[in-house]
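Note sheet for the following structure.
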Amino acid sequence: MKQFPEVKKNFGFGCMRLLMTEQNEVDLDNFKTMVDRFLAAGFNYFDTAHPYIDGKSELAIREGLVKRYPREAYVLANKLSAFRLEREDEVDPFFETQLEACGVDYFDFYLLHANSEEEDKKFRQINAYEHVKRFYEQGRIRHIAMSFHDKPEVLDRLLTEHPEIEAVQIQFNYLDYENPDVQSRGVYEVCRKHDIPIIVMEPVKGGSLAMMNDEATRVLTDLGGSPASYAIRYAAGFDGIFMTLSGMTDVKQMDDNLSYMTDFVPLNETEQAAIQSVVKILRGQNVIPCTACRYCTDGCPMNIDIPTLFKRKNELVQFTQQEAMIRRRYENVLKRSGKASDCIECGQCEDICPQKLPIRDLLKEVAAVFEA
Ligand code: SF4
Ligand code: SF4
């Protein structure tokens, strides 16, 4: 498998959830302290993207990292976010703007952002693969990579068609490993089949695995570490994973992560068993067994995003400490979807659901918890 000698250790600073001030600017003093501690501990991989914090992540990188350290002190990953572009002639200006925003001449890694069956069509439509190869030939990208959100067979096709891709960033955490919705295991196995180095995103599932219900939390804290520490070490312990990212917000999180990643040790048998107990607890909590296949959504006359509403209800059951955030996310879904109580009970969705879910009744349960 390809090696990246410039990457010093297996843990990276994801810069998408930086602490913000009351003026909605990145708290630069906090960020600078985190950068200093991260580099001092021997790590050097930073990950950003233009959409992170509406472009403010890139600017924080320039102020907090690039202006304060020599270029060889860090490895910087950025992404081509095609979902922010309409036409091919926007690709070059987008890239130039990113270099300028970060204050660098080149990116060490440049990822085709959030690739999938659908997004691949967009990348092809704007000739993104050719543009990225040209940036690489010009030396303004040191490695071409992609982040990926789709099924294993889609990844298999993309990696077969694009030998220029040197690394893949995947969503990978212990709760999603066997999750049919995310298929982390299948995606991981495709990476291994292609012998391609893996970058992990969301090892703590967007913070969810750090804020679980009391029963699950206790299983891990009884072992002596933080819930996040076991989630990150779980992901980092798999073969082929050369980088595990953590979207850290404050110095406390940084210090916790550095405490176990500086001298990384994979989970032992006891810790692995504890993780499986947590998975059982989280899965045994009356969750709706929707696989998010989305067969049901096209025909719904009320435009109800059934699988996403089910997902929010499941999150509410599984992650009790995050209720306020989950309720906000439910409201966000309603900007593009009918609400659960809009269902007129036509039954079309149930006819097509391969899981034979009683969707109409389940939507009433969703309405009861979110719309009461
Ligand atoms: S039963 Fe409700 S959710 Fe299902 S298709 Fe009809 S309106 Fe949509
Ligand atoms: S068809 Fe059934 S399993 Fe598939 S997304 Fe809809 S509710 Fe979920």
Complete set of residues in segment 164-198 that are under 13 Å from the mean Cα position of the chain (by Cα) and of a type outside the set (Val, Ile, Thr):
169, 171, 172, 173, 176, 184
Selection from segment 149-186 of residues within 25 Å of residue 319 (Cα to Cα), hydrophobic (A, V, I, L, M, F, W, C) and touching a helix residue (DSSP H, G or I) at 6+ places or on another chain (Cβ under 8 Å) yields 170, 172, 175
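Taking the condition of being in a helix (DSSP H, G or I), hydrophobic (A, V, I, L, M, F, W, C) and under 26 Å from residue 326 (Cα atoms), how many residues in segment 203-243 meet it?
Result for segment 203-243: 9.
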Those residues of segment 227-253 which are crowded, with 19+ Cβ neighbours inside 10 Å and of a type in the set (Gly, Ala, Ser) amount to 228, 229, 231, 235, 236, 246, 247
Can you name the number of the only condition in (1) at pLDDT 95 or above; (2) farther than 17 Å from residue 143 by Cα that residue 74 fails?
(2)
Condition first: within 22 Å of the chain's Cα centre (by Cα), within 27 Å of residue 236 (Cβ to Cβ) and assigned by TED's automatic domain parsing to the domain that holds residue 57. Can you find one or more residues in segment 98-107 that meet it?
yes
Do you know which residues across segment 65-87 are of a type outside the set (Ser, Thr, Tyr) and either touching an Asp or Glu at 6+ places or on another chain (Cβ under 9 Å) or not assigned by TED's automatic domain parsing to the domain that holds residue 115 (or both)?
68, 71, 72, 75, 76, 77, 78, 79, 82, 83, 84
In segment 293-315, what residues are among the basic types (Lys, Arg), surrounded by 15 or more Cβ atoms within 10 Å (Cβ to Cβ) and near ligand 2 (Cβ under 10 Å from one of its atoms)?
311
Examine segment 348-356 for a residue that is within 11 Å of ligand 1 (Cβ to nearest atom), closer than 17 Å to residue 287 by Cβ and among the acidic types (Asp, Glu), and state whether such a residue exists.
no
Do we have any residue at all in segment 254-262 that's under 27 Å from residue 187 (Cβ atoms), acidic (Asp, Glu) and not assigned by TED's automatic domain parsing to the domain that holds residue 311?
no
Got a sec? Which of 277, 337, 259 is among the small types (Gly, Ala, Ser), out of contact with any Lys or Arg (no Cβ under 9 Å at 6 or more places or on another chain) and within 16 Å of ligand 2 (Cβ to nearest atom)?
337
For the subset of segment 285-308 comprising residues that are under 17 Å from residue 368 (Cα atoms) and more than 9 Å from ligand 1 (Cβ to nearest atom), which member is farthest from the chain's Cα centre (by Cα)?
286
Residue list for segment 355-371, restricted to those being basic (Lys, Arg), within 13 Å of ligand 2 (Cβ to nearest atom) and part of a helix (DSSP H, G or I)
360
Between a residue in segment 206-218 that is under 19 Å from residue 246 (Cα atoms) and outside the structural domain of residue 246 (by TED's automatic domain parsing) and any residue that is outside any helix (DSSP H, G or I) and acidic (Asp, Glu), which pairs come within a Cβ distance under 9 Å, given they are 6 or more apart or on different chains?
none
Kindly evaluate residue 202 against the criterion of being without any contact (Cβ under 8 Å) to a residue 60 or more places away in the chain, of a type outside the set (Gly, Ala, Ser) and at positive phi.
yes
With criteria (1) basic (Lys, Arg); (2) within 25 Å of residue 207 (Cβ to Cβ); (3) surrounded by 14 or more Cβ atoms within 10 Å (Cβ to Cβ), residue 339 comes up short on (2)
Note down all Cβ pairs under 7 Å where the first residue falls in segment 350-371 and is crowded, with 18+ Cβ neighbours inside 10 Å, the second is of a type in the set (Asp, Glu), and they're at least six residues apart or on different chains.
359/350
Tally the residues that are touching a residue at least 40 places away in the same chain (Cβ under 8 Å), in a helix (DSSP H, G or I) and within 22 Å of residue 109 (Cβ to Cβ), restricting the search to segment 20-46.
2
Hey, could you check segment 46-65 for residues that are aliphatic (A, V, I, L, M) and touching a Phe, Trp or Tyr at 6+ places or on another chain (Cβ under 8 Å) and say which is surrounded by the most Cβ atoms within 10 Å (Cβ to Cβ)?
61
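The values are calculated or read from the model by the stated rules, or taken from the named source; none is laboratory data. Predicted model only: the values in this text are computed from it and were never measured. Ideal geometry is used to build each Cβ from the backbone, glycine not excepted, and the neighbour counts take in all protein chains shown.
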